[in-house]
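As C-alpha cells, the structure follows; a few thoughts come after it.
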Amino acid sequence: MQRYFLTNNERFGDKIHMLGEDYHHIVRVLRMVPGDQFSVVDTEGRVAICEIIEIHPEYVEATILSEIEEKRELPIQVTIGSGLLKGDKFDIVIQKGTELGAYSFLPFSSDRVVVKLDQKKKDKRVERWQKIAKEAAEQSERNIIPIVETPCSFKELIKLSEKYDTKIVAYEEQGRENDTKSFPASLQDLKIGDSLLMLFGPEGGFSEEEISILQSNGFILCGLGPRILRAETAPLYALASISFYFELLR
C-alpha cells in the first residue's frame, strides 16, 4: 500500500487533503480513483489507513478509516556521518540508508574531501537529499522521514558528536588488522533508545591526524570485516549489520 507523510498536507478531523507533489503522485502517477486506499503517517509517527472520497482540481480528499500500530524503526537511533562524496554517491547512501533504517544523515568536509560546496550549493543539495529521504521513507513504509543535516566542517562535526551516546568511526586500517570484535562489542553495549553516530570517511578515507582527533573525542575505531569497502558501501553494510543484530538476531 502506498504511503505518504502528512508534513505538507492538511488534516481536518477524520478527513485529509493531499496536496502538492503527493496530489500529483496519487492522481497522475498512480492514477488512483475514489475508493482507492493509501496509508499516511502524521508528524508524531502514527499510521492511518485512508480512502479517497473525491479528487478535486488541486487536492485529493480522503477519509481516515482506521489507525494502526506499526513498529518500523530501528530500536536505536543511528546517524550516518559521511564525508562528502563525489557525484551521486551520497544520494545512494541516503536512499538505501533510509530503507535500512537510518535516523539521520550528517555530511561533512574533511582533509581528503574533494567536493567543495558554498552555502547556496549546500542548501540545494540538502533540499534534494531530503526529498530522496522522503521518497525512500514512503517506499520502505517508515514511520519517520530521516533528517539530512546541512554539511558541516570537521571541527563542527566534533562539536556535534558530543550529544551521542556512542560514537564509532569505520576505519579501514582496523579491517586490515583483522579487527572483527570492536564493532559487535560496541553494539552489545548499546541500549534500546540510545543514539549512535557512525562516521565514514570520503573516498580517500580519514587522515592520521583526523583519526587521532576522533579517538581523543571518544570515537571507537572499528573494522567492518576483512574486505575494504567503498565509501558509499560501508554505511549500508553497517546499517544492515545493526538491523540484523537488533531486529533479527534477537
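The values are calculated or read from the model by the stated rules, or taken from the named source; none is laboratory data. Nothing here was measured: the structure is a model prediction, and the numbers come from that model. Cβ placement follows ideal geometry from the backbone for every residue including glycine, while neighbour counts extend to all protein chains displayed. Accessible surface areas use protein heavy atoms only, side chains included; no ligands, DNA or RNA. Shrake-Rupley method; radii C 1.70, N 1.55, O 1.52, S 1.80 Å.
The table below lists the values:
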item	result
Under Karplus coefficients 6.51, -1.76 and 1.60, residue-wise ³J(HN,Hα) of the range 61-74 in Hz, glycine/proline x	9, 9, 10, 7, 7, 6, 9, 10, 8, 9, 10, 10, 9, 4
Most to least accessible of Leu249, Leu74, Leu229 (protein chains only, probe 1.4 Å)	Leu249, Leu229, Leu74
With eigenvalues of the C-alpha gyration tensor scaled by 5 and rooted, the range 171-236, Å	19, 15, 12
Net charge contributed by nearby residues that have their C-beta within less than 14 Å of Asp91 (K/R +1, D/E -1)	+3
Label-point separation in nm, Ser216 to Asp165, each point 7 Å along Cα→Cβ	2.9
Whether the range 39-105 is rounded, prolate or oblate, judged on the alpha carbon gyration tensor where a/c under 1.5 counts as rounded	oblate
Candidates Thr98, Thr63, Thr166, ranked by Gaussian network fluctuation over the chain, Cα under 10 Å, top entry	Thr63
For peptides 44-54, 183-193, 213-223, sequence by mean Cβ density within 10 Å, most packed first	213-223, 44-54, 183-193
Average silhouette area of the range 98-250, convex hull of alpha-carbon atoms, in square nanometres	9.3
Radius, Kirkwood style, for the range 27-178 when every pair of distinct Cα atoms is counted (Å)	18.0
Other-chain or far-sequence residues with amide H under 5 Å of Phe5's (modelled H)	Val41
Residue pairs, from the table Lys89/Lys191; Lys71/Lys134; Lys71/Lys181; Lys134/Lys163, whose Cα atoms sit over 27 Å apart	Lys89/Lys191; Lys71/Lys181
Where labels lie 7 Å past Cα in the beta-carbon direction, separation of Glu127 and Glu141 in nm	3.3
